[in-house]
Amino acid sequence: PKWEPYTPEYGGYIDVSFSYSADLWPWSGYLAISITASKEAASWDGVAKGQVTVVIESPPEEDETEPRQSTIVLPVRAKIIPTPPRNKRILWDQYHNLRYPPGYFPRDNLRMKNDPLDWNGDHIHTNFKDMYQHLREKGYFVEVLGSPYSCFDASQYGTLLVVDPEEEYFSEEITKLKRDIDNGLSLIIFADWYNVSVMKKVKFYDENTRQWWMPDTGGANIPALNDLLAPLGMAFSDTVYEGDFRIGDHDMYYASGTSILKFPDDGLILTETLKNQGFEVMKASTWTVSDVPILGLYQVDTGPSSGRVALYGDSNCLDSSHLQKDCFWLLSALLEYTAHDSLPGVLSNLNKAVLPPAVELPTRMEGNHLHRYSKVIEGSLGTAHPRPLPPCPSLVWAKPYPINKTAPSNLYQPQNIKLLSIDLNAPAVPANHPDVDLGPAAGGDSPGIGLQSHLSSQMLTQDRFTWFPVLAVLGTSLVALFLFNQYYRYKSRPKIRRRPKARKFTQTMYGGKTPRV
């Protein structure tokens, strides 16, 4: 592939990288194009254009000697904006999200029994799309992290957003994240339920593999999250809670979430009265618990420029899959705290954290198979151990071949407009044609010549084709009516009863035997 930026249309402000398979087979092969704004465009606002040229070569046919070649031109158009300020840039952690298949990762809301598997991927383009659109409307810019924490420059982002993670963490990630928070990066975590007993309860028998499927983790991997939060003195519990409550003027629903087990003493905590859903799943009985810590805010005090941390125990209010009451407003409030160092008024009634000492942290379920699907750990002889930290992805930017060219004005129009576009190169219609619109100009030099005729013939053709379905439906209806009429007439015809044959006298008198004398 060759990158050819359009010089008159600022194509040089785009950097392009390619990855592709050298051989293309039926239903296989790929061409991936990575596009970014160049450093020269850091403060530029506009649209940059160019094209990617690809040559496809096929073997010659039996009667040919030279291979067949086809040239494909792919137009590129990118809207570039100046680099946003750091507090407006959010990094979405996608690397630590796992989904079904191939492993059994259970649903985040235990009430949704008809949808037992977490198969949406937890991506801002799937079940978190509504949350993403909300953040964009609020002026935030969201980028997706598809690599370990060791691969991003934390000085470019204001907040790292971690929602419902199922993956483990490298030790290098834990160390780097603590260092990034000390240097100004803020962290928001929306966790989910985790309980080994409940995990064993939601196992199911798969008819395809004829095996019992046991969850590899809960709604979220709480033991791994606690490892990540250990340097900050924070941890989540393994108790599952559910219930309705209010924060200010907002109605909230806590759907299969967890609670905060450890938190710094100088942090802020929100507690609510909820039901112990894990007890309900195991015992089929209700148990209401008061003063459950579900939300925590903390200003890290390791330096004057340290970041802030916000924890919330349930992610279902951000997930559009089974959304009942969204908490997008809460996410905006937490971002106001983490990115702008301002405690919103709706959270001003939080109290100082007073939690009992944590006796025991949640542990991983024995015999789980998370190492089969994990990018962080691997199994060997029945035990899991960390994998080596993978190298960070690096892109090799393609050499540009600038061309002095501009893109056609109708090239980037939507497909439906392109299908209805007018061929201006069609032969002109004589000026005395009744359908010709000469336009305001005199004579036959107006751009309108041939336009009305082309449109009329196009509309007549379209009208002619739109009658075909109507005629087909009408004909089918008449045939069906005729067949129904014939069937009704056949059924309503009176039946002719046949008279029974007269029996012989001998059969009547002597049972079918002839008497003897």
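The values are calculated or read from the model by the stated rules, or taken from the named source; none is laboratory data. A quick note: this is a predicted structure, and the numbers were derived from the prediction, not measured. Every residue, glycine as well, gets a Cβ built from its backbone with ideal geometry; the counts of neighbours run over all protein chains shown. We work out accessible area using only protein heavy atoms, side chains counted, and drop any ligands, DNA or RNA first. Shrake-Rupley method; radii C 1.70, N 1.55, O 1.52, S 1.80 Å.
Measuring only protein heavy atoms, the 1.4 Å probe finds ILE35 accessible over about 90 Å².
For region 1-149, the number of Lys pairs with C-alpha atoms closer than 25 Å, counting only pairs eight or more positions apart or on separate chains, is 14. Relative to the Cα centre, the charge distribution of region 267-361, modelled as +1 at Lys and Arg Cβ and -1 at Asp and Glu Cβ, gives a dipole magnitude of about 140 debye.
Where both residues lie in region 126-228, what percent of DSSP beta bridges are antiparallel, nearest 5?
Numbers: 3 of 8 bridges.
Beta bridges within region 126-228, antiparallel portion: roughly 40 percent.
Label sites at LYS283 and VAL55, each approximated as a point 7 angstrom past Cα along Cα to Cβ, lie 7.6 nm apart.
Calculate what fraction, in whole %, of the accessible area of region 17-77 sits on carbon and sulfur atoms when a 1.4 Å probe is rolled over the protein chains. Let's see the in-between values first.
On the way: 2320 of 4570 Å².
The computed percentage sits at 51.
How many Å² of accessible area per residue for region 219-273, probe 1.4 Å? It would help to have the intermediate numbers written out before the result.
Details: 1650 Å² over 55 residues.
With all protein chains present, region 219-273 gives 30 Å² per residue.
Phi-derived couplings, Karplus 6.51 cos²θ - 1.76 cosθ + 1.60 at θ = phi - 60°, listed residue by residue for region 2-10: 10, 8, 10, x, 7, 4, x, 10, 6 Hz, with x used for Gly and Pro. Within region 247-272, whose backbone N sits under 17 Å from a point 7 Å along Cα→Cβ of GLN324? Of the residues in region 247-272, 247, 250-259, 272 have backbone N under 17 Å from the label point off GLN324. If you sort ASP130, ASP314 by accessible surface, 1.4 Å probe, largest first, the order is ASP130, ASP314. Summarising the label geometry, the points placed 7 Å from Cα in the beta-carbon direction at ILE403 and ASN351 lie 7.0 nm from one another. Taken as Cα centroids, region 249-303 and region 372-394 sit 32 Å apart, rounded to the nearest whole angstrom. Peptide packing for 333-345, 349-361 was compared via the average number of neighbouring C-beta atoms within 10 Å per residue; ordered from the highest value, the list is 333-345, 349-361. Sites listed here are GluC sites (Glu not before Pro) in region 13-75 whose DSSP assignment is loop and whose Cβ has at most 14 other Cβ atoms within 10 Å: GLU61, GLU62, GLU64. Please report the spacing between the Cα centers of region 180-212 and region 50-95 in Å, no decimals. Taking the Cα centre of each part, region 180-212 and region 50-95 sit 37 Å apart. Residue by residue, region 160-176 carries 3J(HN,Hα) couplings of 9, 9, 10, 10, 6, x, 10, 8, 7, 10, 5, 4, 5, 5, 4, 5, 5 Hz when phi is fed to the Karplus relation 6.51 cos²θ - 1.76 cosθ + 1.60 (θ = phi - 60°); x denotes Gly or Pro.
In this structure ASP301 has an accessible area near 100 Å², from a 1.4 Å probe over the protein heavy atoms. Heavy atoms of the protein chains alone define the surface here; on that basis region 127-190 has 34 Å² accessible area per residue at 1.4 Å probe size.
For region 48-112, the residue among VAL76, ASN109, THR65 whose Cα projects farthest onto the positive side of the dipole built from Cβ charges is ASN109.
Run the numbers on region 267-311 and let me know its relative contact order in percent, using alpha-carbon pairs under 8 Å that are six or more apart.
37 percent
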